[in-house]
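Some notes on the structure that comes next.
Each reported figure results from applying straightforward, stated rules to the coordinates on display, with no laboratory input. This one's a predicted model, so the numbers in the text were calculated from it and none came from an experiment. Positions of Cβ are backbone-derived with ideal geometry, glycine not excepted, and every protein chain shown enters the neighbour counts.
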């Protein structure tokens, strides 16, 4: 996503690319580790400031998934997050929140929803199946 309103520093560009390439919703620490692996040596403050800038600019999403650390997502289009309550794995589903839900919220509360952050909790496929391939109890 390019915009003439974005001030792209080298650090912001590299951090943005790391998050966009990630499939696992990395934390700031994960991003630091990946940057180091790529030969970059940015200070923690630089990474945190760049992440805040990119989130505020709408180029990344910051997710609070209940594990104490913010996670970052390069997919900014509407989608759902699925969190396994056993192993902590985060998956995505490219499904938008139904308009009927948003209409019902507005009709009941008068609230105008601008953005949704929905996390569905359950068990991933690996945690649902035991070593023998049979379903396990939650």
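In terms of other Cβ atoms within 10 Å, 116, 109, 46 run from fewest to most in the order 109, 116, 46.
Quick one: compute the contact order of the chain, relative version, from alpha carbon pairs under 8 angstrom and 6+ residues apart, as a percent.
19
Looking at the P(r) of the stretch 1-76, how many percent of alpha-carbon pairs lie beyond 21 Å? Value for the stretch 1-76: 18 percent of Cα pairs lie more than 21 Å apart.
Label positions at residue 62 and residue 7, each projected 7 Å from the Cα along the C-beta direction, are separated by 1.8 nm. Once C-alpha pairs closer than 8 Å and six or more residues apart are averaged by separation and normalised to the residue number of the stretch 78-138, the relative contact order reads 37 percent. Anyone know which of 72, 53, 16 comes out most mobile in the 10 Å Cα GNM of the chain? Most flexible of the set in this elastic network: 53. With no solvent and one equal point scatterer per Cα, compute the Debye intensity ratio I(q)/I(0) for the chain at 0.10, 0.11, 0.15 Å⁻¹ and report its log10, rounded to two decimals. With no solvent term, the Cα-only Debye profile gives -0.44, -0.53, -0.87.
Stokes-Einstein diffusion for the stretch 78-138 at 25 °C, viscosity 0.890 mPa s, with a Kirkwood radius from C-alpha pairs, works out to 180 µm²/s.
The relative contact order of the stretch 1-76, computed from alpha carbon pairs under 8 Å that lie at least 6 residues apart in sequence, is 36 percent.
Exposure proxy ranking for 85, 30, based on other Cβ atoms within 10 angstrom of each Cβ and starting from the fewest, stands as 85, 30. Mean residue ellipticity at 222 nm, helices only, the chain: -10500 deg cm²/dmol; runs of at least 4 DSSP H residues each add -39,500 (n - 2.57), and the sum is divided by the number of residues.
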